[in-house]
Amino acid sequence: QVQVVESGGGLVQAGGSLRVSCVASGSIFSINAMGWYRQAPGKQRELVATITSGGSTNYADAVKGRFTISRDNAKNTVYLQMNSLKPEDTAVYYCNVRCRASFMGPWGDCWGQGTQVTVSS
């Protein structure tokens with residue numbers, strides 16, 4: 001079993017900053033990509049940013065230049081630093097971890113429960 005736990009969400013004014021964190025634990029042999037997705041009320045879940053084990057990053061156009069994703073491989077942790085936040089960034093932010101439990105095991109996707117980020121205008 002793999003557990004994925006997010007933390008760091010909250011309420012912030014527009015223009016402010018917030019950092020969310022996610023740690024994966026449990027039966028993990030190795031982790032490939034880690035990423036953040038978000039889902040606003042009435043909308044589909046969308047990609048925010050991803051980072052590979054080698055550090056390559058990918059961002060949604062809506063957050064480029066404002067958000068930064070990083071990871072600590074030794075701690076199985078991924079971070080999302082969010083600057084210049086806008087009301088439209090309000091959503092539940094979910095962490096995704098692509099990992100496997102053994103050397104020859106299949107890769108699987110694990111999700112956290114999400115953390116609420118609310119940006120007031």
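In the neighborhood of Gln81, defined by Cβ-to-Cβ distances under 10 Å, what is the net charge if each Lys or Arg adds +1 and each Asp or Glu adds -1?
Result for the neighbourhood of Gln81: +2.
Taking 20 °C and 1.002 mPa s as the conditions, I'd like the Stokes-Einstein D for the chain in µm²/s, using the Kirkwood hydrodynamic radius from alpha carbon pairs.
Once the numbers are plugged in, D ends up at 148 µm²/s.
Which percent of the accessible area of region 1-114 is formed by carbon and sulfur heavy atoms (probe 1.4 angstrom)?
Whole-percent figure for carbon plus sulfur exposure: 48.
Between Gln44 and Ser70, how high is the FRET efficiency from 1/(1 + (r/R0)^6) when r is the Cβ-Cβ distance and R₀ = 22 Å? Nearest 0.05.
Calculated transfer efficiency: 0.25.
If you add up the charges near Gly114, with Lys and Arg at +1 and Asp and Glu at -1, over every other residue whose beta carbon is less than 10 angstrom from its beta carbon, what do you get? Numbers along the way, then the final one.
Values: positive: Arg38, Arg45; negative: Glu6.
Residues close to Gly114 contribute a combined charge of +1.
With a 1.4 Å probe and every protein chain left in place, work out the accessible area per residue of the chain in Å², rounded to a whole number.
Details: 6420 Å² over 121 residues.
Dividing the accessible area of the chain by its residue count gives 53 Å².
Please state, as a whole number in µm²/s, the translational diffusion coefficient that the Stokes-Einstein equation yields for region 55-96 at 25 °C and 0.890 mPa s, with Rh defined as the Kirkwood radius across alpha carbon pairs.
Calculated translational D: 212 µm²/s.
The values are calculated or read from the model by the stated rules, or taken from the named source; none is laboratory data. Everything numeric here is computed off the predicted structure, so don't read it as measured data. Reconstructed Cβ throughout: ideal geometry from the backbone, glycine too, with neighbour counts over all protein chains shown. For accessibility, only protein heavy atoms count, side chains too; no ligands or nucleic acids. Shrake-Rupley method; radii C 1.70, N 1.55, O 1.52, S 1.80 Å.
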